[in-house]
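The values are calculated or read from the model by the stated rules, or taken from the named source; none is laboratory data. Here the structure is a predicted model, which is why all the values come from computation and not from measurement. Please note: Cβ atoms are built from the backbone with ideal geometry, for glycine as well, and neighbour counts cover all protein chains shown. Surface areas here come from the heavy atoms of the whole protein model, side chains and all, with no ligands, DNA or RNA. Shrake-Rupley method; radii C 1.70, N 1.55, O 1.52, S 1.80 Å.
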Amino acid sequence: MAIFLIKALQLILSISLLVILHEGGHFLFARLFGIRVEKFYLFFDWKFSIFKFKPKNSDTEFGMGWIPLGGYCKIAGMIDESFDTDQMKQPAQDWEFRAKPAWQRLFVMIGGVLVNFLTALFIYSMIMFYWGDSYIAAKDMKLGMQFNDEAKKDGFKDGDIIIGADGEKFERYGVDVFRAVAKATSVSVIRNGKEITINKSEVSLLTMLKETPRYMDPIIPNTIDSVAAGGPAAKAGILAGDKIISINNHATKTFNDINNQIGIISDIIETAKTPEDSLKARMMTMVVQHKDAKTDTLQLTLSKELTMGVVYKSYQALYPPTDVSYGFFESFPAGISYGMNILGGYVSDLQYVASADGAKSVGGFGTLGSLFPETWNWYRFWMMTAFLSIILAFMNILPIPALDGGHVLFLIYEIIVGKAPSEKFLLVAEYIGFGLLLALLVWANFADILRAFGMM
């Protein structure tokens, strides 16, 4: 429960900050052009609010609603998610949104996205200034990668150190390496101390990451780093420093091999008809090599979660990191570059959302909350907040009615054609867009529930 509360608190704080800044962008440009803002709310206040106040000589009511699904800035004379049509039936006033030139209304609508985007770049810059940057250089991953059969057909061999794709060298190892290799037609690797080029066809990034075993993964030695007291491995007699060299008569030269064997067991359990069949599938015969090089054949029953109760060194622990520090002014170009790379990767990955596997990967508040650490960590908090700010900016600028991008699209139409769409059209479009967004929200959170019960 404590872990859940810590994650939830971080998510709520992060989203609240970004919503306030987003709506503040709309508010800033609206007031700059003399447009009245009637309400400025964090969360939605359907029927009632937690609190509200209206400063003296102000036209704006500020408050907090009780439905934590974002927030809003109600701008006078505008058709938005409030669906307030009564005001639109009255003659336009010079302080209303609809009375202003299209270019001013355009700035009001992009104000939230602009603030979120700049916020993300600023946070990344301050992270670079305060914490610096730390990464594992691609060339330093001396154990190389382990590949599945499909990758080996493309010409890769276990132990290849991937250093570039399509003529571009990789500076750091990360998801960008997977993206680049997926799209590449040629990949540069170091094999037996020599650089060679492998010609391959394009593959789907989603397929690369979803396959079992995966197209490629960093090689992690099969030496056990630590054993959980009372866990399946400890009960079987496995000790820290042991190596699991075989599972069910299948050689396991690396942790990757061990993980793949457990994946096979998981597939068997999915087809199990009785609890007895499931228990039988979880029983493994393994050969373990001890520190003194002696071997033992042991019986181990995986937990219901298919864990052994052992920890292996992560690839981050295997390789020395490259640490970079930045001065105050140096941090801005570094932060902007980092943020733009994050945005580019996110936009690139959206192509997979329309696929069946991509739709299953969509997540709601549970998925977002799981991205935050189990203990309060300001570095991780600000990294996640910057990432969410990038997502919020990009998603809001999509040309979908009810989002800022939908309003921008209609304003651009008005500027080009010289005539605004009818109020009836805008209202219908707002209803359709709001319905689509609500359906997406319901599906995303329903998918979280299905995943929580192991049904997806």
Legend entry - Subset of segment 170-191 that is in contact with a strand residue (DSSP E or B) (Cβ under 6 Å, 6 or more places away or on another chain) and without any contact (Cβ under 8 Å) to a residue 24 or more places away in the chain - its residue that is surrounded by the most Cβ atoms within 10 Å (Cβ to Cβ): A184
Inset, instruction - Could you give me the residue pairs with C-beta distances under 6 Å whose first residue belongs to segment 52-69 and is open to solvent by 50 Å² or more (accessible area, probe 1.4 Å), whose second residue is outside any strand (DSSP E or B) wherever it lies, and which are 6+ apart or on separate chains? - result: D59/R36
Legend entry - strands (runs of 3 or more DSSP E) contained entirely in segment 192-248, each with at least 2 residues that are touching a residue at least 24 places away in the same chain (Cβ under 8 Å) and open to solvent by 20 Å² or more (accessible area, probe 1.4 Å): 194-199, 224-227, 243-247
Legend entry - Residues (touching a Phe, Trp or Tyr at 6+ places or on another chain (Cβ under 6 Å) and in a helix (DSSP H, G or I)) located in segment 28-48: F29
Legend entry - Residues located in segment 238-251, provided they are more than 15 Å from V310 (Cα to Cα) and either under 30 Å from the mean Cα position of the chain (by Cα) or of a type outside the set (A, V, I, L, M) (or both): S246, N248, N249, H250
Inset, instruction - Go through the residues of segment 206-218 one by one and say whether even a single one is modelled with pLDDT of 90 or more and aliphatic (A, V, I, L, M). - result: yes
Inset, instruction - Scan segment 410-426 and report the pairs whose first residue is over 20 Å from K89 (Cβ atoms) and whose second residue is basic (K, R) and surrounded by 13 or more Cβ atoms within 10 Å (Cβ to Cβ), with Cβ atoms within less than 9 Å and a gap of 6+ or a chain change. - result: L411/R105; E414/R105
Inset, instruction - Name the strands (runs of 3 or more DSSP E) wholly inside segment 257-343 in which the number of residues that are within 31 Å of the chain's Cα centre (by Cα) and either of a type in the set (S, T, N, Q) or surrounded by 13 or more Cβ atoms within 10 Å (Cβ to Cβ) (or both) is 1 or more. - result: 310-312, 322-324
Legend entry - Enumeration of residues in segment 55-75 that are modelled with pLDDT of 90 or more and in a loop (DSSP other than H, G, I, E, B): P55, T60
Inset, instruction - Could you grab the pairs with beta carbons closer than 8 Å, sequence gap of 6+ or different chains, first residue in segment 1-22 and within 26 Å of Y72 (Cβ to Cβ), second one open to solvent by 40 Å² or more (accessible area, probe 1.4 Å) and outside any helix (DSSP H, G or I)? - result: K7/E374; Q10/W376; I12/P68; I15/P68
Legend entry - Any chance F107 is under 21 Å from L409 (Cβ atoms), surrounded by 15 or more Cβ atoms within 10 Å (Cβ to Cβ), in contact with a Pro (Cβ under 9 Å, 6 or more places away or on another chain) and at pLDDT 90 or above: no
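Table: residues versus (1) part of a strand (DSSP E or B); (2) within 18 Å of R191 (Cβ to Cβ).
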position: Q104; (1), (2): no, no
position: G111; (1), (2): no, no
position: V115; (1), (2): no, no
position: L121; (1), (2): no, no
position: Q146; (1), (2): yes, yes
position: E150; (1), (2): no, no
position: F156; (1), (2): no, yes
position: G159; (1), (2): no, yes
position: G164; (1), (2): yes, yes
Inset, instruction - Return yes or no: is G167 open to solvent by less than 50 Å² (accessible area, probe 1.4 Å), more than 26 Å from the chain's Cα centre (by Cα) and at pLDDT below 95? - result: no
